[in-house]
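For reference, the structure is listed below as structure tokens.
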Amino acid sequence: MGQERRHFTDEFKRESVALLASSGRSLGQIAGELGISPSMLRNWRNRSDGRGAGTALHPNKSASTSSPDPTAEIARLRRENDRLRMERDILKKAVAIFSEPPR
């Protein structure tokens with residue numbers, strides 16, 4: 001019969017919007033990876049309190065040549081590690097959600 005609506009936690013929504021803001025990838029690409037519709041992710045982004053809204057349109061500018069300052073390079077690498085951990089955690093949660101048996 002009809003398809004039951006899926007419900008996502010607020011944490012999943014926040015992390016999805018944060019991933020969109022920090023990854024530099026398109027909204028459609030992120031939505032596809034998370035298994036949600038682009039319009040749903042767009043709505044979550046628009047409903048967020050403005051943090052990071054629109055930043056996904058500009059790719060990371062830190063991809064330039066290596067910095068001569070080691071402390072700046074370490075800080076950049078730490079930020080990148082944090083972002084990658086967040087992406088990994090979001091994808092792990094998405095797999096757990098989508099592997100649950102239907103109700």
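Restricting the search to the stretch 29-49, which residues are surrounded by fewer than 17 Cβ atoms within 10 Å (Cβ to Cβ), free of Cβ contacts under 8 Å to residues at least 12 places away in the same chain and under 23 Å from Glu80 (Cβ atoms)?
Result: Gln29, Gly32.
For the stretch 14-24, which positions are within 9 Å of the chain's Cα centre (by Cα) and free of Cβ contacts under 8 Å to residues at least 60 places away in the same chain?
Arg14, Val17, Leu20, Ala21
Sort out which residues of the stretch 73-91 are closer than 16 Å to Glu11 by Cα and among the aliphatic types (A, V, I, L, M), and write them in order of number.
If the condition is that a residue be closer than 16 Å to Glu11 by Cα and among the aliphatic types (A, V, I, L, M), then Met86, Ile90, Leu91 are the ones that fit.
Would you please name the residue that is modelled with the lowest pLDDT, looking only at residues in the stretch 81-103 that are loosely packed, with under 11 Cβ neighbours inside 10 Å and among the basic types (Lys, Arg)?
The extreme case among them is Arg103.
Taking the condition assigned to a helix (DSSP H, G or I), in contact with a helix residue (DSSP H, G or I) (Cβ under 8 Å, 6 or more places away or on another chain) and β-branched (Val, Ile, Thr), does Ile36 pass?
no
The values are calculated or read from the model by the stated rules, or taken from the named source; none is laboratory data. Please read these numbers as outputs of a predicted model, since none were measured by experiment. When we count neighbours, we look across all protein chains shown, and the Cβ atoms used for this are built from the backbone with ideal geometry, even at glycine.
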